[in-house]
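All of the numbers you see were taken from the coordinates with simple rules; none came from a lab. Treat the numbers as computed from the prediction; the structure is a model and nothing was measured. Heads up, the Cβs are rebuilt from the backbone with ideal geometry, glycines too, and the neighbour counts pull from every protein chain shown.
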Amino acid sequence: MRRKPVERLIAEGGQGEGGRLRRSLSMWQLTMISIGATLGTGIFVVLGEAVPKAGPAVVISFVIAGLTALFSALSYAELAGTIPVSGSSYSYAYATMGELIAWICGWCLILEYGVSVAAVAVGWGQYLNELLSGTIGLTIPGWMANPPGQGGYLNIPALLVVLLAMGFLLGGAKESARANTIMVVVKIASLILFCAVAFTGIRAGNYKPFMPLGLGGVSAAGASLFFSYIGFDAASTAGEEAKNPKRDMPRAIMLSLLIVTVLYCLVALVAVGAMPWKNFGNADAALAQIMKDVTGQSFWSVLLAAGAVIAIASVVLTVMYGQTRILFSMSRDGLVPKLFAKVSPRSGTPVANTVIVSLFCGVLAAVVPLGALADATSIGTLFAFSLVNAAVIVLRRTRPDMPRSFKVAFSPITPAIGFALCLWMMGSFETITWEYFGGWMIVGVVLYFAYGMRRSQLAQEESRAARLEK
């Protein structure tokens, strides 16, 4: 239950083994990181899995998932401005609820960031196939484009995009942010283009019945689509590389969520109007298929597939960035090996950390199917978000005088609603997802008691103090 004081967390900011992280990111670059981490797989890939659950009412599912994310985003904005460090919700929990809860939160974040990279990379391969077949008539053979159990041996495209992202990240945070900004602009333009073209194919009859599977279907689709909002908190992992974190991080989090939610709802509304909802389950790259059906030409679908390839690549890049920074913070606290906090003096990046995370995510992407990954990631994220909402309430009680650059309105009611919504969304997942999550949690708790509890920085200090007293 030992806690790390907020002032100490901030004072240690940027310091790693052998070097420091560099403050080089502006507010717009932070916003682009959050949009880059969020906008992509949910609308390009997971939409095709969610529509058969909710029908045309998938638009409401997006709104429900977005509202759940909004309440948590408000809590993230307050804490990111108050405790501007790389650890995101892991560090917030360490300052408010103690080391064990912080470890559990960090373990959930490893699931959220690390495993979602793999899930996103799988979706990237689907659109790469669409792009290649539409441009040069080449289709990637199933044995090298699908994981075991789905007609293949190894998903090579998924592994490839993870390794490409690793190359960008090793170049430095500023260089990665520039590349991500270009990719974000391309992906937003691609979705606006989709809406403009697919709008001409809307048929009023496709919206009837609007809610064919009832509220239960809408809720189930909302839980799956929450995966689409994973990433808005990515800006909070850049607290030690932002130029003005107290001012810019809350703004970046809220602005990115607003832009993403508007785009999601607009694209979903147009998509279900242009294609009968029952057809979505048969389309791997649903949006590209809609473009082809509406225009009767492959050119537009190929153009969208090219945008999706770039869009999903930026998700891989920014989510991997977040994962490395969380492990950096956990390593600095002694809860994972010190290797993860070793910073290169030349690039200002944690090189070994980046390589290890990339190889882990790449192998996972190559051998595990998308569906199981997406749901397991969502439940871990919701758990971490619930802890962030709780952290706001605790910090308001324990440190009411602390200066805050952003404050959640109507606290503690607002974060309490965010906490309850996260638990409600978690309850919508199937038993198998809870079994995956439970297994992950058991492994995490065992690792903490076997390694982190005794090796943590605070534990070492307590041990030294006890020896001095003797």
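General observations
- If you count Lys pairs in the chain whose Cα atoms are under 12 Å apart, skipping same-chain pairs closer than 8 places in sequence, the total is 4.
- Globularity ratio of the range 144-207, using Cα Rg and 2.2 N^0.38 Å: 1.70
- Annotation: amide H of L25 within the under-5 Å range of A242, K243, sequence separation 5 or more or interchain, hydrogens built in the peptide plane.
- Rounded if a/c under 1.5, otherwise prolate or oblate - the range 280-427, Cα gyration tensor axes: oblate
- Degrees separating the helix 214-225 axis from the principal Cα axis of the chain, which is the longest one: 60
- Charges were assigned to the Cβ only: +1 to each Lys and Arg, -1 to each Asp and Glu. The resulting dipole of the range 6-469 about its Cα centre is roughly 880 debye.
- Each residue of the range 309-323 is assigned a 3J(HN,Hα), and the resulting list reads 4, 5, 4, 6, 4, 5, 5, 4, 4, 6, 5, 5, 4, x, 4 Hz, derived from the Karplus form 6.51 cos²θ - 1.76 cosθ + 1.60 (θ = phi - 60°), x at Gly and Pro.
- Using only side-chain charges placed at the Cβ, +1 for Lys and Arg and -1 for Asp and Glu, the dipole size of the range 276-432 relative to its Cα centre rounds to 740 debye.
- The chain: angle of helix 245-274 to the longest principal axis, Cα-based, in degrees nearest 10: 20
- Volume of the convex hull of the chain (Cα atoms only), normalised per residue: 130 Å³.
- Computed from Cα positions, the angle between helix 156-170 and the longest principal axis of the chain comes to roughly 40 degrees.
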